[in-house]
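The values are calculated or read from the model by the stated rules, or taken from the named source; none is laboratory data. Everything quoted here is computed from the prediction, not taken from an experiment. Cβ atoms come from the backbone with ideal geometry, glycine included; neighbour counts cover every protein chain shown.
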Amino acid sequence: MTVARGPPGRPSSALLGCWRRRPPLGFGAKVGIAVALGLSFAIIWTSVSPTSSSQQISTERSSFAAEVAAPPTASHNRTSTTADGGHAHRKPRPVPHSHKKLHPAPSGSHAHPHRANATASPDAAAAKADHSEPSPITDPEPNEKEPEPEQEQEQESDMEMEPEQEAELPMPEESGGNSGKAPAEGEEEKPPQLELEEEHGEGDGDEDFEVAKKKAPSKKRKLPPLFSSSAHYHWKHCGAKSGYHYIPCVDFDGDGSQRHHERSCPRSPVMCLVSLPKDYKQPAPWPERKDKVWYGNVAHPRLSNYVKGHNWLNHSGDYLMFPPDEWEFKGGARHYVESIDEMAPDIDWGKNIRIILDIGCKSAGFGIALLEKDVITLSLGLTNDQTDLAQVALERGIPATVGSLGSRRLPFPSGAFDAIHCGECNIAWHSNGGKLLLEINRILRPGGYFIISSKSADLESEEGISASMTALCWNAISYSSDDVSEVGVKIFQRPATNEEYDLRAKKDPPFCKEEQNKANAWYTHIKHCLHKAPVGIEERGSDWPEEWPKRLESYPEWLGDLQTRVAADHSHWKAVVEKSYLDGLGIDWSNIRNVMDMRAVYGGFAAALASKKVWVMNVVPVHAADTLPMIYERGLIGVYHDWCEPFSTYPRSYDLLHADHLFSRLKIRCRQPVAIVVEMDRILRPGGWAIIRDKLEILDPLETILKSLHWEIVMTFRKDKEGIMSVKKTTWRP
């Protein structure tokens with residue numbers, strides 16, 4: 001086919017007949033076309049764009065009884081360690097009036113040289129949790145660019161807390177040769193070297209004051225939002241082998257067939273959803289749930305075999321029943337508790353003794369019997385227990401966590417527990433030079449009690465334990481062989497002063513050196529050394545706390561200027577809980593028993609709920625100010641944790657999660673912050689609730705994420721730049 005062509009810019013002669021110049025459009029026609037295009041664009045945009053903030057809210061309240069801004073934050077005075085292992089507490093610096101925005105590092109986390117419990121998380125290269133299913137896909141908008149770094153502006157609300165410039169812990173690198181193995185004795189677990197964002201400035205309160213003065217302030221860099229508002233999430237199950245009881249940092253595979261000896265988390269953030277048992281049902285209200293639970297909620301083959309050989313629990317129809325008069329020892333748990341009281345009257349359950357650690361969780365009957373005496377017992381389920389009795393305890397509404405007694409310290413502060421109990425836990429306390437007893441000595445309060453009981457006496461173990469106790473200068477208070485329970489019970493007491501240590505003929509174990517801080521608890525090795533008891537009223541642990549319940553609102557002298565802050569925090573949360581939480585969030589508190597405060601400061605939220613039929617796990621992030629000792633001092637319980645990693649508990653453990661400015665206070669930029677929401681979905685039971693208080697820039701995209709998980713947004717409230725959400729998890733699974 002031939003086409004005639006003319007000179008450039010002019011139509012050819014063959015096309016000249018078809019070429020006509022159109023008359024120009026009039027003004028009215030142009031306006032009409034513009035209006036039509038605008039309306040078309042508006043209609044299309046409305047139909048395809050995300051809903052506005054007001055449309056996203058299911059039930060947005062116009063008023064709220066309590067302020068949504070955070071209460072006064074923890075002071076960041078550092079705790080220096082004296083030569084004898086005690087703490088000399090420096091008075092906190094005055095709170096600066098300037099408030100600056102916080103900017104976490106882009107990925108990973110730092111180890112802070114002055115943070116008591118901020119030893120770096122090791123690379124868990126051996127962790128091979130099954131993630132055969134793809135992770136949820138995040139689809140950002142095309143051509144989305146990271147914002148250019150810019151200098152930070154001071155634009156915080158007057159209602160907002162003082163920023164917490166906190167330590168940052170490193171995330172494990174993808175390529176590491178650690179293979180999840182613990183370093184040798186004396187070798188610290190060092191973080192991978194990463195390029196990190198400098199965040200020093202006037203509000204830097206987590207550094208020692210003298211060190212901070214020498215550091216010149218550096219420019220701050222603004223980072224992208226924590227959650228992308230343009231991301232789309234497509235969730236999938238964790239995989240065929242990842243069962244209903246999957247604990248990512250404990251299990252190699254979700255079925256629990258292989259477990260790590262020590263905590264070892266997957267290299268990549270867990271971004272899949274744990275499946276739900278087929279016959280899952282809502283737990284019964286307290287106290288009915290302590291006597292029976294739905295068997296389908298906790299069922300697995302090992303538990304089924306265990307039930308057949310023990311009479312303190314039985315499988316009856318759809319329920320797992322716990323007869324109140326049956327226990328692992330004859331005579332029942334009440335008789336066992338009363339016999340201990342007779343052996344050592346100074347124990348005085350519920351007054352002198354308030355907080356107990358029960359090692360090797362079995363029936364949890366010991367903790368239930370002590371509940372009647374106002375004693376809170378935290379059961380420590382050991383990772384080598386593949387029967388998962390700690391999960392049964394949590395399902396019954398009994399405080400429990402999962403951990404291991406190995407080479408690392410437990411995630412508790414020093415001198416935390418009034419007493420520690422080991423009933424038929426079959427732990428060789430005298431092995432390896434009594435190293436495990438040194439960890440018990442660290443977390444037991446000076447003057448506290450260590451109670452061991454067993455059905456059969458092993459002469460070698462008896463002699464070994466006695467020798468280890470003598471080396472630690474622990475006093476053997478009482479020994480009794482009870483005819484009813486047919487169990488032998490020994491009670492030891494840790495020295496309250498250092499006088500007995502000074503009388504030792506052989507200084508083995510030696511006293512700990514100054515750098516072997518007893519406050520370090522996160523990924524820290526147990527040291528073969530002995531920490532001295534604190535002396536002087538300015539040191540925590542030098543005096544026994546007030547009797548319960550006075551100790552809940554007693555603020556000891558060693559707090560110094562922090563006494564005012566703790567009292568203010570207590571009053572703040574008491575008002576919030578009474579005026580808003582109990583009635584204003586749509587929560588049925590009769591179905592709430594297990595509660596977690598994901599970012600506890602002084603335990604004010606837990607203290608406000610102390611009179612209710614709930615218990616609260618206070619989680620102090622390892623990058624925050626070390627306030628967990630104060631929480632224990634008040635007669636409450638808690639643990640240290642890094643929220644860039646999964647929590648050490650079973651799926652569906654909690655009935656309510658409380659996250660007060662957790663996300664906006666993440667000075668660590670986790671590799672994928674959405675993984676924290678995924679972890680919340682794992683540890684919260686279906687039908688459970690979450691109360692989330694944070695900045696609107698966090699809550700808006702977070703609401704989108706929760707809706708993608710099919711959580712129900714029950715109530716929201718906004719004021720200035722702050723907001724609160726009450727949300728409920730559903731039974732939806734992908």
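Some points to look at:
- Verdict on residue 419 being in a helix (DSSP H, G or I), at pLDDT 95 or above and within 25 Å of residue 620 (Cβ to Cβ): no
- Going through (1) surrounded by fewer than 12 Cβ atoms within 10 Å (Cβ to Cβ); (2) of a type in the set (S, T, N, Q); (3) in a strand (DSSP E or B) one by one, residue 456 falls short only on (3).
- Residue 404 vs. criteria within 22 Å of residue 593 (Cβ to Cβ) and of a type in the set (S, T, N, Q): no
- Residues of segment 682-734 satisfying the condition of being assigned to a helix (DSSP H, G or I) and in contact with a Lys or Arg (Cβ under 7 Å, 6 or more places away or on another chain): 696
- Taken together, 573, 544, 522 contain a single residue that is within 26 Å of the chain's Cα centre (by Cα), aromatic (Phe, Trp, Tyr) and either over 23 Å from residue 716 (Cα atoms) or surrounded by fewer than 22 Cβ atoms within 10 Å (Cβ to Cβ) (or both), which is 522.
- Test: residue in segment 554-566 that is out of contact with any Lys or Arg (no Cβ under 9 Å at 6 or more places or on another chain), surrounded by fewer than 19 Cβ atoms within 10 Å (Cβ to Cβ) and within 19 Å of residue 445 (Cβ to Cβ): yes
- Restricting attention to segment 372-405, the residues that are among the acidic types (Asp, Glu) and closer than 18 Å to residue 310 by Cβ add up to 3.
- Contacts under 7 angstrom Cβ, first residue in segment 546-570 being within 19 Å of residue 609 (Cα to Cα) and free of Cβ contacts under 8 Å to residues at least 40 places away in the same chain, partner in a helix (DSSP H, G or I) and among the β-branched types (Val, Ile, Thr), 6 or more apart: 555/566
- In segment 595-625, the qualifying residues are those that are touching a strand residue (DSSP E or B) at 6+ places or on another chain (Cβ under 7 Å) and part of a loop (DSSP other than H, G, I, E, B), and the one that is surrounded by the most Cβ atoms within 10 Å (Cβ to Cβ) is 622.
- Residue tally, condition part of a loop (DSSP other than H, G, I, E, B), surrounded by fewer than 23 Cβ atoms within 10 Å (Cβ to Cβ) and either hydroxyl-bearing (Ser, Thr, Tyr) or out of contact with any Leu (no Cβ under 9 Å at 6 or more places or on another chain) (or both), over segment 334-379: 7
- Conditions (1) charged (D, E, K, R); (2) surrounded by 19 or more Cβ atoms within 10 Å (Cβ to Cβ); (3) in contact with a Pro (Cβ under 9 Å, 6 or more places away or on another chain): number failed by residue 408: (3)
- With respect to the conditions (1) surrounded by 18 or more Cβ atoms within 10 Å (Cβ to Cβ); (2) over 37 Å from the mean Cα position of the chain (by Cα); (3) under 16 Å from residue 449 (Cα atoms), residue 480 lacks only one, and its number is (1).
- Within segment 293-318, being in contact with a helix residue (DSSP H, G or I) (Cβ under 9 Å, 6 or more places away or on another chain), assigned to a loop (DSSP other than H, G, I, E, B) and farther than 23 Å from residue 651 by Cα holds for 312, 317.
- Condition check for residue 377: in contact with an Asp or Glu (Cβ under 6 Å, 6 or more places away or on another chain) and closer than 30 Å to residue 539 by Cα: yes
Yes/no matrix, rows are residues, columns are (1) farther than 30 Å from residue 525 by Cα; (2) of a type in the set (D, E, K, R); (3) surrounded by fewer than 20 Cβ atoms within 10 Å (Cβ to Cβ):
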{"residue": "232", "(1), (2), (3)": "yes, no, yes"}
{"residue": "250", "(1), (2), (3)": "no, no, no"}
{"residue": "273", "(1), (2), (3)": "yes, no, no"}
{"residue": "288", "(1), (2), (3)": "yes, yes, yes"}
{"residue": "291", "(1), (2), (3)": "yes, yes, yes"}
{"residue": "302", "(1), (2), (3)": "yes, yes, yes"}
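- Whenever a residue of segment 588-606 is over 19 Å from residue 685 (Cβ atoms), its partners that are in a loop (DSSP other than H, G, I, E, B) and modelled with pLDDT of 95 or more, lying with C-beta atoms within less than 6 angstrom and at least six residues away or across chains, give the pairs 599/662; 601/627; 602/627; 603/634; 603/636; 606/636.
- Residue within segment 383-397 that is at positive phi and modelled with pLDDT under 90 present: yes
- Considering residues of segment 384-405 that are touching a residue at least 60 places away in the same chain (Cβ under 8 Å) and out of contact with any Ser or Thr (no Cβ under 9 Å at 6 or more places or on another chain) only, the residue surrounded by the fewest Cβ atoms within 10 Å (Cβ to Cβ): 387
- Of the residues making up segment 411-433, those that are surrounded by 23 or more Cβ atoms within 10 Å (Cβ to Cβ), within 23 Å of residue 510 (Cα to Cα) and small (Gly, Ala, Ser) are 414, 415, 416.
- Residue in segment 307-333 that is nearest to the chain's Cα centre (by Cα), counting only those that are among the aromatic types (Phe, Trp, Tyr) and crowded, with 18+ Cβ neighbours inside 10 Å: 322
- When residues of segment 540-555 are limited to those that are outside any loop (DSSP other than H, G, I, E, B) and of a type in the set (Lys, Arg), the one farthest from residue 418 (Cα to Cα): 550
- Consider segment 688-734 and keep the residues that are among the aromatic types (Phe, Trp, Tyr) and surrounded by 22 or more Cβ atoms within 10 Å (Cβ to Cβ). The one that is nearest to residue 71 (Cα to Cα) is 717.
- Residue pairs meeting the criteria (Cβ under 7 Å; at least 6 apart or on separate chains; first at positive phi, in segment 343-356; second not aromatic (Phe, Trp, Tyr)): 350/373; 350/374; 350/375
- For segment 626-648, a residue qualifies if it is among the charged types (D, E, K, R), in contact with a strand residue (DSSP E or B) (Cβ under 8 Å, 6 or more places away or on another chain) and more than 16 Å from residue 663 (Cα to Cα), and exactly one does: 626.
- Qualifying residue in segment 668-675 (condition: more than 17 Å from residue 704 (Cα to Cα), touching a Gly at 6+ places or on another chain (Cβ under 9 Å) and aliphatic (A, V, I, L, M)): yes
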